[in-house]
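Trainee: Below you'll find the structure I mean.
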Amino acid sequence: VLAVPVLFKQALENMEMEEGKSVSLRCELTKADATVVWKKGEATLQASAKYEMKQKGTVAELVIHNAEPEDA
């Protein structure tokens, strides 16, 4: 069986945010419920009070709470 790769239908876009606010980053995939790993540089982000990961169907979302300049 030939596996079809998961691709981005809609990639992440740069966003400007206000310090201390929440920001939502979203991308859309070609396959529903594909495994998504969020990274900042080489570091894998883990769900926490600061980072909230959501996924519904083909849309994956990362919410960064209390955004700081270091989150760029």
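Trainee: At a probe size of 1.4 Å, how large is the accessible area of residue 28, to the nearest 10 Å²?
Mentor: Looks like 50 Å² after rounding.
Trainee: For the chain, give the percent of accessible area contributed by carbon and sulfur heavy atoms, probe 1.4 Å, rounded to a whole number.
Mentor: Carbon with sulfur: 52 percent of the solvent-accessible area.
Trainee: Between residue 8 and residue 26, what length comes free when the chain is fully extended (0.36 nm per residue of separation minus the Cα-Cα distance, one decimal in nm)? All intermediate terms of the calculation are to be shown ahead of the outcome.
Mentor: Values: separation 18, 0.36 × 18 = 6.48 nm, distance 1.09 nm.
So the extension gain works out to 5.4 nm.
Trainee: Largest first, how would 58, 44 line up by accessible area (1.4 Å probe)? If you can, show how the numbers build up before the last one.
Mentor: Values: 58 40, 44 65 Å².
Putting 58, 44 in descending order of accessible area: 44, 58.
Trainee: Per residue, how much accessible area does the chain show when a 1.4 Å probe rolls over the protein heavy atoms, in square angstrom?
Mentor: In whole numbers, the chain has 78 Å² accessible per residue.
The values are calculated or read from the model by the stated rules, or taken from the named source; none is laboratory data. Given the structure is predicted, the values throughout are model-derived calculations rather than measurements. Ligands, DNA and RNA are excluded from the accessible area calculation, which covers all protein heavy atoms including side chains. Shrake-Rupley method; radii C 1.70, N 1.55, O 1.52, S 1.80 Å.
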